[in-house]
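Right, one structure below, let's go through it.
The values are calculated or read from the model by the stated rules, or taken from the named source; none is laboratory data. Predicted model only: the values in this text are computed from it and were never measured. Note that each Cβ is placed from the backbone with ideal geometry, even for glycine, and that neighbours are counted across all protein chains shown. Protein only, heavy atoms only, side chains kept; ligands, DNA and RNA dropped before computing areas. Shrake-Rupley method; radii C 1.70, N 1.55, O 1.52, S 1.80 Å.
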Amino acid sequence: MWIMALTLLCLILEIFSVMLNNSNLKQFMLLNRLVNIIGFIVAPSILYVGYLFSKEWVNMYHKEKIKMNYILLLPLLINALGALASYNKNVIFYITSNNLYERGHLFFILPCVSYIYFIYNLYFIYRHRKKFTSWEYILFSSFYIVPALGSIVQLIYPNYLVIWNSAAIIIVFTYIFILNDQSHKDSLTGLENRLSYDHYVENIDAKMVNKLFFIYIDIDDFKIINDKYGHHEGDEGDEAIKAFADLLAQSFVLRKKKLIRLGGDEFLIIIEEKQQEKIVFYIENLIRNVNNYNDIEKKSYKLKFSYGMAGFTSEHENIYQLFEHADQLMYEQKQSKIASGAMN
């Protein structure tokens, strides 16, 4: 919302700067200076807020938080000082005696500061690319690439005011994406939710159905965690749910997958793969990670889970039967544990 508000402010300032840049409006020379000063100060601050936005997005559902890089405030300070000094000196810009805008001797400060943020933001996104989905990665990168290209055009051809127009367009697309993305995400874990699953099975390409594996997972003894340790671990075992969701994300490190929290302590993993051996590898990876978590965290309870794995075959008439098959296999494993006393 801050990015949208600041971009709107820059668009308004740009409109005023064009209107006031007129030799017949010398009486508004002071206002012309102030409009340009504010515009020069606000412009790169949007890119800094963009960095904060990317950082908070990555931090949203992860236990290990990314620390703030306060050094990034230095370019903003340098730019702001240059803009303020331009009020009555030829620094970043100046207003002629005829009330006309001209670039100053140090005009390069603004594009340099802007491109520091463009480059750093793209580096930040690339560095943490594994924490973004494919669509998030593309959109967040476009959020900086499109305005960067627009700024090059405007630097070469000052009469083409494309920077804020291009920025406004990509911001609208990003906002629509965020609304859609949040509707398909589980608010507690950041995994996809039941709505995302319904949307997936309704729109999946028929050719892809033949290479699908469903892994249905249920946390063992979840009711005991709630009843016995709920006061320490959060309402309704929230901490246990979030920890298990993190372990899922750490264990299934492949692109063509969907990690879904169906509700409560039930999870579904959808993997586009034909070879069962690869699926088994990732399940074993999850088992190791859960065991390591129990050894390291030393909680009052042990995280355990039961699962059912099913791959699509000619025996399944549709994808919903594959889901039911995986659910049934999970239930059978859980019942087997109860019968053997492994759930205690």
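Table for the structure above
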read-out	value
Condition met for D265 (in contact (Cβ under 8 Å) with a residue 60 or more places away in the chain, surrounded by 13 or more Cβ atoms within 10 Å (Cβ to Cβ) and among the charged types (D, E, K, R))	no
Check on V113, aliphatic (A, V, I, L, M) and either touching an Asp or Glu at 6+ places or on another chain (Cβ under 7 Å) or surrounded by 15 or more Cβ atoms within 10 Å (Cβ to Cβ) (or both)	yes
Looking only at the range 273-284, and only at residues there that are acidic (D, E) and open to solvent by 50 Å² or more (accessible area, probe 1.4 Å), the one that is nearest to the chain's Cα centre (by Cα)	E284
N98 being in a loop (DSSP other than H, G, I, E, B) and surrounded by fewer than 18 Cβ atoms within 10 Å (Cβ to Cβ)	yes
Enumeration of residues in the range 113-125 that are in contact (Cβ under 8 Å) with a residue 12 or more places away in the chain and over 21 Å from L191 (Cα atoms)	V113, S114, Y115, I116, Y117, F118, Y120, N121, L122, F124
Flag if K131 is more than 28 Å from the chain's Cα centre (by Cα) and open to solvent by 50 Å² or more (accessible area, probe 1.4 Å)	no
Residues within the range 150-192 that are open to solvent by less than 30 Å² (accessible area, probe 1.4 Å) and in contact (Cβ under 8 Å) with a residue 60 or more places away in the chain, tallied	7
Single match in L31, L11 (criterion: open to solvent by 70 Å² or more (accessible area, probe 1.4 Å) and under 25 Å from L81 (Cβ atoms))	L31
Flag if I287 is open to solvent by less than 70 Å² (accessible area, probe 1.4 Å) and in a strand (DSSP E or B)	no
Selection from the range 292-306 of residues that are in a loop (DSSP other than H, G, I, E, B) and among the aromatic types (F, W, Y)	Y301
Residue in the range 42-57 that is farther than 26 Å from A168 by Cα and open to solvent by 80 Å² or more (accessible area, probe 1.4 Å) present	no
